[in-house]
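The values are calculated or read from the model by the stated rules, or taken from the named source; none is laboratory data. These figures come from a predicted structure and were not determined experimentally. Because the Cβ atoms are built from the backbone with ideal geometry, glycine has one as well, and the counts that use them run over all protein chains shown. Accessible surface areas use protein heavy atoms only, side chains included; no ligands, DNA or RNA. Shrake-Rupley method; radii C 1.70, N 1.55, O 1.52, S 1.80 Å.
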Amino acid sequence: MLFKMKKDILTGEITDKLVFQNRRKIIKAVTATAMASFIPASMSAQIKKYAEIPLGPYSASLQVTDIEYVKNYTNYYEFTTNKNDSTILSKALKTSPWSVTVEGEAEKTGVFNLEDILKTNPLEQRIYRFRCVEAWSMVVPWIGFPLANMLKQFKPTSKAKYVEFTTIYNPNVMPGQRGTALEWPYLEGLRMDEAMHPLSLMATGMYDDELANQNGAPLRLVVPWKYGFKSIKAIVKIRFSETMPATAWNKAGPNEYGFYANVNPEVPHPRWSQSRERILGASIFTPKRNTEKFNGYGAQVASLYSAMDLKKYF
Ligand SMILES: Nc1nc2c(c(=O)[nH]1)N[C@H]1C(S)=C(S)[C@@H](COP(=O)(O)O)O[C@H]1N2
Ligand SMILES: [Mo]
């Protein structure tokens with residue numbers, strides 16, 4: 001699988017955008033046949049559901065990374081720090097039924113079924129570049145809905161200045177949670193204006209399908225202008241707060257992982273440069289690409305930070 005895709009050696013971008021789009025067409029054709037024949041209606045509805053999701057307005061026209069890399073090179077410390085092994089280990093996590101607890105500075109708090117959340121938050125596809133703090137990047141066709149849509153439904157009060165997200169805590173099925181790689185449960189947060197920004201996405205799927213467990217099923221955050229660790233997986237709790245949340249990575253290394261974690265080639269990580277990034281799935285001959293400020297989303301988000309020194313608030 002690893003060397004199956006054709007690569008553009010010069011740019012390093014993986015030239016399978018067409019392959020991906022063709023796959024959509026094939027799925028639609030198969031679905032049409034299936035509905036007229038032998039595949040159970042529920043299954044064909046599921047396939048159709050994901051293949052026909054419209055492309056959202058904030059989708060970038062970038063060539064997407066080979067799905068095999070995105071699914072088998074993951075960071076999910078609840079299971080393991082080994083990027084290849086969370087695929088198998090995470091199969092033990094039961095992701096349905098799933099509920100999200102909403103707490104704190106909001107009018108509508110309580111426990112909500114994911115199914116109900118999805119009824120009022122229509123899905124769209126967003127192709128985003130995703131940049132890990134470890135200096136590699138990929139391009140993923142996510143499926144999800146704007147975070148702002150959902151947050152507004154909970155009616156945050158005027159005291160809500162931040163929103164905090166928590167991953168499921170279940171050391172019985174998540175062996176990494178029996179260790180001390182991070183303080184558990186994994187916790188992340190955004191300032192309210194960041195959370196309400198139209199680029200902030202709640203993802204439920206990728207590549208025309210539901211999220212694989214290792215990629216954060218059934219519900220994860222995707223904040224494309226920030227380092228990947230902000231994009232928390234398997235969310236079970238959302239809390240609106242007046243104060244800045246103490247996030248898992250910031251607690252683990254306050255000098256290395258800031259709360260903001262905006263992608264910034266000008267601010268090196270204390271142990272490595274952030275000016276370039278390895279393209280996930282590209283050959284070893286492919287040069288690294290230059291990391292863009294805000295991961296290329298500066299036109300949309302730079303104004304959120306106009307009053308801040310980004311070297312101090314990294
Ligand atoms: N709960 C949880 N969320 C997480 C992580 C994690 O270990 N646990 N890793 C983060 C990091 S460092 C990155 S780069 C992305 C990786 O997403 P992916 O594995 O789907 O590519 O998830 C982020 N979200
Ligand atoms: Mo990461």
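Assorted remarks:
- Selection within the range 202-240: residues that are of a type in the set (D, E, K, R) and away from ligand 2 (no atom under 16 Å from the Cβ). The member of this set that is surrounded by the fewest Cβ atoms within 10 Å (Cβ to Cβ) is 209.
- Among the residues of the range 278-314, the one identified as surrounded by fewer than 18 Cβ atoms within 10 Å (Cβ to Cβ), in a loop (DSSP other than H, G, I, E, B) and under 19 Å from the mean Cα position of the chain (by Cα) is 292.
- The range 47-96: number of residues that are of a type in the set (Phe, Trp, Tyr), farther than 17 Å from residue 170 by Cα and in contact with a Leu (Cβ under 7 Å, 6 or more places away or on another chain): 3
- Taking the numbered list (1) within 21 Å of residue 215 (Cβ to Cβ); (2) acidic (Asp, Glu); (3) not in a strand (DSSP E or B) in turn, residue 116 passes all entries but (1).
- Top-ranked residue of the range 131-147 - restricted to ones that are more than 9 Å from ligand 2 (Cβ to nearest atom) and open to solvent by 10 Å² or more (accessible area, probe 1.4 Å), ranked as farthest from the chain's Cα centre (by Cα): 135
- Checked against (1) within 16 Å of ligand 2 (Cβ to nearest atom); (2) without any contact (Cβ under 8 Å) to a residue 24 or more places away in the chain; (3) in a loop (DSSP other than H, G, I, E, B), residue 257 passes all but a single condition, namely (2).
- The range 258-277, residues that are surrounded by 15 or more Cβ atoms within 10 Å (Cβ to Cβ) and either among the aromatic types (Phe, Trp, Tyr) or in contact with a helix residue (DSSP H, G or I) (Cβ under 9 Å, 6 or more places away or on another chain) (or both): 258, 259, 260, 261, 262, 263, 264, 265
- Considering residues of the range 51-89 that are at pLDDT 95 or above, away from ligand 2 (no atom under 16 Å from the Cβ) and not acidic (Asp, Glu) only, the residue least open to solvent (accessible area, probe 1.4 Å): 64
- Screening 186, 227 for residues that are near ligand 1 (Cβ under 10 Å from one of its atoms) and closer than 22 Å to residue 140 by Cα leaves exactly one candidate, 227.
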